[in-house]
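See below for the structure under consideration.
The values are calculated or read from the model by the stated rules, or taken from the named source; none is laboratory data. The model shown is predicted, which means the values in this text are computed figures rather than measured ones. Ideal geometry is used to build each Cβ from the backbone, glycine not excepted, and the neighbour counts take in all protein chains shown. The area values use the complete protein model at the heavy-atom level, side chains included, leaving out ligands, DNA and RNA. Shrake-Rupley method; radii C 1.70, N 1.55, O 1.52, S 1.80 Å.
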Amino acid sequence: MMTWLIYDITDDRNRREIIRIAQKHGLYRVQKSVFLGNIEKDEVDEIIAETKKAIDLREDSVYIFPVCESDYKKATLLGLSFEQDIVKDEKPVLFF
């Protein structure tokens, strides 16, 4: 399931922890405070649980949007975009 994770966090430590959580679960950074990836439902539940522990619920904002494949395909991307094949795990990626 394609899943967006979008955050607005002022504390650097909390922000770094959210970035770590997102990357650990296979989400790709598509903008400075936006991650996207094709992950399973149980992975979304884990991200939610870990995120609740990592942020200040009174000050920080984190949005997690699971999106079905058909709705994701309806999205319109304008201007400079991310590589959708990588985010959907359809294109191999080499790390050096």
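Enumerate the calculated ³J(HN,Hα) couplings along segment 43-56 in order (Karplus 6.51 cos²θ - 1.76 cosθ + 1.60, θ = phi - 60°), each rounded to whole Hz, writing x wherever the residue is Gly or Pro.
5, 4, 4, 5, 4, 4, 4, 5, 5, 4, 7, 9, 10, 8
May I ask you to derive the FRET efficiency for residue 49 and residue 8 from their Cβ-Cβ distance with R0 = 30 Å, giving the value to the nearest 0.05?
Working: r = 20 Å, r/R0 = 0.67.
So, using R0 = 30 Å, E works out to roughly 0.90.
Filter the trypsin sites (Lys or Arg not before Pro) in segment 23-82 down to the DSSP loop ones having no more than 12 other Cβ atoms within 10 Å, then list what survives.
On the way: sites: 24, 29, 32, 41, 52, 53, 58, 73, 74; in loops: 32, 58, 74.
Counting only loop positions with at most 12 other Cβ atoms within 10 Å, the trypsin sites (Lys or Arg not before Pro) in segment 23-82 are 32, 58, 74.
How far, in nm, would the chain grow between residue 77 and residue 58 when pulled straight, counting 0.36 nm per residue and subtracting the alpha carbon separation?
Values: separation 19, 0.36 × 19 = 6.84 nm, distance 3.22 nm.
So the extension gain works out to 3.6 nm.
Keeping all protein chains in place, calculate the accessible area per residue for segment 24-81 (probe 1.4 angstrom), answer in Å².
Numbers: 4080 Å² over 58 residues.
Value returned for segment 24-81: 70 Å² of accessible area per residue.
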